[in-house]
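What follows is calculated from the coordinates using simple rules that are stated; it is not laboratory data. Note that the coordinates shown come from a computational prediction; the quantities given were computed from them, not determined experimentally. Cβ: placed from backbone, ideal geometry, glycine included. Neighbour counts: every protein chain shown.
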Amino acid sequence: FGTWLIPLLVGLGVWRHLVRGIRLRYESPLWSIVFPLGMYCAASHALGGALGVRWLVTLGRDGTWVAFAVWLAVFAAMVTSLLRAGAGPAGAGPAGAGPAGASGPGGAG
C-alpha cells in the first residue's frame, strides 16, 4: 500500500525544490521522513520473509541502507545547522537581546 507514496514524495520534492526554487536546508520536519522510510523498509523485509517473497526481502534489505543514508544526511544537516547557529557573534543571544545586564528600550539603565 505505501509503495505508491514513494513516487509522490519524490515528485513533491522535485516540485518544491526544483520548480518552486525553495532552497534545500535543514528543517526539523525532515525527521518525519526518516522514521517512516526506515519502518517501511523493515516491514517490507519482515513481510517478504514471512510470505517467502524474495524480491520483497531484497527491497526491504536494500531499502534499509537507503533509509540509513537518509538518516545520516538529515543528522549531518542538523549538526551543521546547530553549529552554524552557535557560531554567531560573541554575546549574541536571542533577537533583540543584548549583553547581560543591559536594559532594552524604556528600561532603567
Note, Gly13: beta-carbon cut-off 14 Å, +1 each Lys/Arg, -1 each Asp/Glu, net +3
Note, segment 9-21: 3J(HN,Hα) by Karplus (6.51, -1.76, 1.60, θ = phi - 60°), whole Hz, Gly/Pro = x, goes 5, 5, x, 5, x, 4, 4, 5, 8, 9, 7, 7, x
Phi angles of segment 46-63, converted by Karplus (6.51 cos²θ - 1.76 cosθ + 1.60, θ = phi - 60°) into ³J(HN,Hα) in whole Hz with x for Gly and Pro, give 5, 5, x, x, 5, 8, x, 9, 4, 5, 6, 4, 5, 4, x, 5, 5, x
Sparse-neighbourhood loop hits (trypsin sites (Lys or Arg not before Pro), segment 18-68; DSSP loop; Cβ within 10 Å at most 12 others) -> Arg20, Arg23, Arg25
In order over segment 35-42: 3J(HN,Hα) from phi, Karplus 6.51/-1.76/1.60, θ = phi - 60°, whole Hz, x for each Gly or Pro, gives 5, x, 4, x, 5, 4, 5, 5
